[in-house]
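Written below as structure tokens is the structure these notes are about.
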Amino acid sequence: MRLLWLLIRRDLRLAWASGGMWLPVAFLLLVASLFPFAVGPDAALLARTGGGMLWIAALLASLLPVDRLVAPDVQAGVLDQLAARGIGEEWIVLARLLAHWIGFGPPLMLATVPAAALLKLDAAAMARLELGLLIGTPALAALGLLVATLTAGLRSSGALAGLLALPLAVPLLIFGAGTMNDGSGAAFKFLAAASLLLVAITPFAGGAALRAGRD
């Protein structure tokens, strides 16, 4: 556990120093600010479409730091040094997943508060949005990290990661946007199931991808 915490702290420190932690937040707020100019000032229309638009913005924002999650450490040999010290790739990916979500999920959820106000979402819709993001952002973080491990050794890895992640993220987008008008709670359950599945498989699949890339 101490080793896991040290890896998480290192990744968070690097994300804070590079400024990449705030890039998804700035992107979400920028999209929320521009959306009313595109559809007009109709409050009812904004409230009806704003939740789905914020989910699209959150998905795209999760892809912004993908090219910096794994590739720089692969190129610098950091992962090779960790492996030489007997640290398993699964632990490395798990630590990076936790650090990525801590630096991505809660700030994005805070940014949705002013974004929801710009889009005229009421308190009930904002609560559903925040709960959905709480459940879904771990899946977005896991998906971004998984494709980052798969494309770490390739050129233009950021663009390729986006092309890989977007089709895989469609179920998350459907269930996430569905929570905005979900009276039965089924969308929340499907979103939670997808999130648990992605979080569970990412350390193992990502670790295998890192080993294959090193070999």
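The values are calculated or read from the model by the stated rules, or taken from the named source; none is laboratory data. Computed from a predicted model, the values in this text were never measured in an experiment. Ideal geometry is used to build each Cβ from the backbone, glycine not excepted, and the neighbour counts take in all protein chains shown. These area figures cover heavy atoms from the full protein model, side chains too; ligands, DNA and RNA do not enter into them. Shrake-Rupley method; radii C 1.70, N 1.55, O 1.52, S 1.80 Å.
Of 165, 52, 202, which is farthest along the charge dipole of the chain in the positive direction, counting Lys and Arg as +1 and Asp and Glu as -1 at C-beta?
202
Using a simple charge model, +1 on the beta-carbon of Lys and Arg, -1 on the beta-carbon of Asp and Glu, nothing else, what dipole does the chain show about its Cα centre, in debye to the nearest 20? Spell out each step's value before the answer.
On the way: 14 positive and 11 negative charges, 64 e Å.
For the chain, the charge dipole is close to 300 debye.
How much accessible area per residue does the chain have, counting only protein heavy atoms and a probe of 1.4 Å, in square angstrom?
On the way: 10530 Å² over 215 residues.
Here the residues of the chain average 49 Å² of exposed surface.
So which residue, out of 55, 16, 101, gets the largest mean-square fluctuation from a GNM of the chain using Cα contacts under 10 Å as springs?
Fluctuation is largest for 16.
Using +1 on the beta carbon of Lys and Arg, -1 on that of Asp and Glu, and nothing else charged, what's the dipole of the stretch 1-85 about the Cα centre, debye to 20?
Working: 7 positive and 5 negative charges, 73 e Å.
In total the dipole reaches around 340 debye.
Report, to the nearest whole %, how much of the accessible area of the chain belongs to carbon and sulfur atoms, 1.4 Å probe, protein only. Kindly include the intermediate steps, with their values, before the conclusion.
Numbers: 7500 of 10530 Å².
That fraction is 71 percent.
Given the Cα-Cα distance of residue 189 and residue 30 and 0.36 nm per residue of separation, how much length would full extension add, in nm? Intermediate results must be reported in sequence, preceding the final value.
Working: separation 159, 0.36 × 159 = 57.24 nm, distance 3.01 nm.
Extra length from residue 189 to residue 30 when fully extended: 54.2 nm.
[x] 10.1; [y] 14.0; [z] 11.9: which one is mean projected area of the Cα convex hull in nm² as calculated from this entry?
Computed from the coordinates, mean projected area of the Cα convex hull in nm² corresponds to [z].
Against the empirical 2.2 N^0.38 Å scaling, what ratio does the C-alpha Rg of the stretch 106-210 come to?
On the way: Rg = 15.3 Å, N = 105, 2.2 N^0.38 = 12.9 Å.
That ratio works out to 1.18.
Largest first, how would 27, 104, 204, 37 line up by accessible area (1.4 Å probe)?
Descending order: 37, 204, 27, 104.
By Kyte-Doolittle mean hydropathy of at least -0.5 and Cα axial length of at least 20 Å, which whole DSSP H helices of the chain are selected? All intermediate terms of the calculation are to be shown ahead of the outcome.
Numbers: long enough: 2-18 (24 Å, 0.40); 23-39 (24 Å, 2.44); 43-63 (30 Å, 1.52); 89-118 (42 Å, 1.10); 123-150 (40 Å, 1.68); 186-214 (42 Å, 1.27).
Those that clear 20 Å and a mean of -0.5 are 2-18, 23-39, 43-63, 89-118, 123-150, 186-214.
Per the helix-only calculation at 222 nm, which mean residue ellipticity applies to the chain, given -39500 (n - 2.57) for every DSSP H run of n ≥ 4 and division by its residues, nearest 500 deg cm²/dmol? Working shown, then result.
On the way: 10 runs with 176 residues, N = 215.
Taken over the chain, the calculation gives -27500 deg cm²/dmol.
Give the residue from 69, 136, 180 lying farthest towards the positive end of the charge dipole for the chain; charges sit on Cβ (+1 for Lys and Arg, -1 for Asp and Glu) and the dipole is referred to the Cα centre.
Ranked along the dipole, the leading option is 69.
Using a/c under 1.5 as the rounded threshold, could you call the stretch 175-215 rounded, prolate or oblate? The axes a ≥ b ≥ c are square roots of the C-alpha gyration tensor eigenvalues, and prolate needs a/b larger than b/c, oblate otherwise. Kindly include the intermediate steps, with their values, before the conclusion.
Numbers: a/c = 8.55, a/b = 4.02, b/c = 2.12.
Since a/c reaches 1.5 and a/b is larger than b/c, the shape of the stretch 175-215 is classed as prolate.
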